[in-house]
């Protein structure tokens, strides 16, 4: 195998979690076939990028993050073969640090891979992810911040910092060369979910071996009403550390429970912003066509699908509908059977903590009903 280092730098909400879980579950198989996915668990890459950027996440410093980037680089440099580092927060690495980041590897062959998806699917997905990270921002305010800034020309704001495909390609291409940047397009919805992995594997020139493509869980999206319930719940929660919130609210409550309801369909971009989405997407496709970057997949996959069933939550969701969902969620929690005597429950998942979340939902529902 060539001494090639692949940096998968995002973009966020383009199937990155799905791809990273496959990389993680096939770590040993890949190593036996000449490709290193360094570390011992998927979170090692997240901690390493936090260390590289010199930052925390949601104000929390993860144990083992100090020095994590250099440990990952050292492991890659000791390995006699190709290596893959993957985390979407690499998209947040600032330009002055990129040269140093790439120069840390003892090879001249460092390549950058970016996964990219239809902007009409990205916008609501990013808003929902923010809700699952404690945000209380309304969808309408979020849309204004995304598109109203210089008429949607990707110049300012947290959204475009990590979703500006032109800017990210230009930034990384200036360091590794556009010929060493590969764009992997996410297939249109409704197709074989394994196609994304197949494209990603081609971009990384992975060996043709029988990968295990079964992942235990996915980064579930919320329906319109479910997202609004979480948004209303966030400011009513007691003080939780980020790890407590991440486990109890983001993963267990929102992704494993709330996402299963899908009361009123999935969220889309309102018609008011369709022209902006269309124009920006055309600019991105035109740029990539002449950029010299390699494309795996079809640039047509980045054409926004704006004729899909339309669900606009930017004007808000009816309180009665949210209350009904809150009561149904509460009913599910209340009806859960008690655990058999003698069965030990992991501390972070003990029933009294689940009951605390149910109580919060009940009180929030009461406020909505009275409002």
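Data overview
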| read-out | value |
| --- | --- |
| Whole-Å semi-axes of the ellipsoid equivalent to the stretch 160-220 (Cα gyration tensor, √5λ, descending) | 26, 17, 10 |
| Average Cα contact separation per residue, the stretch 122-275, under 8 Å, 6 or more apart, as relative contact order % | 32 percent |
| Rg followed by Dmax, in Å, when the stretch 207-297 is reduced to its Cα trace | 19.3, 51 |
| Added length on full extension, which subtracts the Cα-Cα distance from 0.36 nm per residue, residue 17 to residue 43 | 8.3 nm |
| Distribution of pairwise C-alpha distances over the chain, 20 Å bins, in % | 27, 56, 17, 0 |
| Cβ-derived FRET efficiency at R0 22 Å, residue 174 paired with residue 53, nearest 0.05 | 0.75 |
| Selected from 239, 195, 144 as most flexible by GNM, with the chain as the system and alpha-carbon contacts under 10 Å | 239 |
| Between helix 165-176 and the chain: long-axis angle, C-alpha atoms, 0 to 90°, nearest 10 | 30 degrees |
| Spin-label pair residue 321/residue 100, simplified geometry with 7 Å Cα→Cβ offset, distance in nm | 4.9 nm |
| Alpha-carbon centroids, the stretch 109-123 and the stretch 37-75: separation in whole Å | 22 Å |
| For the stretch 220-246 versus the stretch 7-21, the gap between their alpha-carbon centres in whole angstrom | 23 Å |
| Of 78, 231, 202, the one that fluctuates the most in a GNM where the chain has Cα springs shorter than 10 Å | 78 |
| Neighbour-count order for 245, 62, fewest beta carbons within 10 angstrom listed first | 62, 245 |
| The stretch 1-67: C-alpha gyration tensor shape, a/c 1.5 cut-off, then a/b vs b/c | prolate |
| Ratio of the Cα radius of gyration of the stretch 39-101 to 2.2 N^0.38 Å, where N counts its residues | 1.09 |
| Relative contact order (%) - the chain, alpha-carbon pairs under 8 angstrom, separation at least six | 21 percent |
| Burial ordering of 115, 56, fewest other beta-carbon atoms within 10 Å first | 56, 115 |
| Neighbour-count order for 241, 4, fewest beta carbons within 10 angstrom listed first | 241, 4 |
| Distance in nm between pseudo-label sites at residue 145 and residue 212 (7 Å out along the Cβ direction from Cα) | 3.9 nm |
| FRET efficiency for residue 290 and residue 251, using Cβ-Cβ distance with R0 set to 45 Å, rounded to 0.05 | 0.60 |
| Cα-based helix-to-principal-axis angle, 119-131 vs the chain, degrees rounded to 10 | 60 degrees |
| Largest-first ellipsoid semi-axes for the stretch 65-214, taking √(5λ) over the Cα gyration tensor eigenvalues, angstrom | 29, 21, 16 |
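FYI, it's all coordinate maths here, none of it is from the lab. Just so we're clear, the structure is a prediction, and the values are computed from it rather than from any experiment. Positions of Cβ are generated from backbone atoms using ideal geometry, with glycine treated the same way; all protein chains shown enter the neighbour counts.
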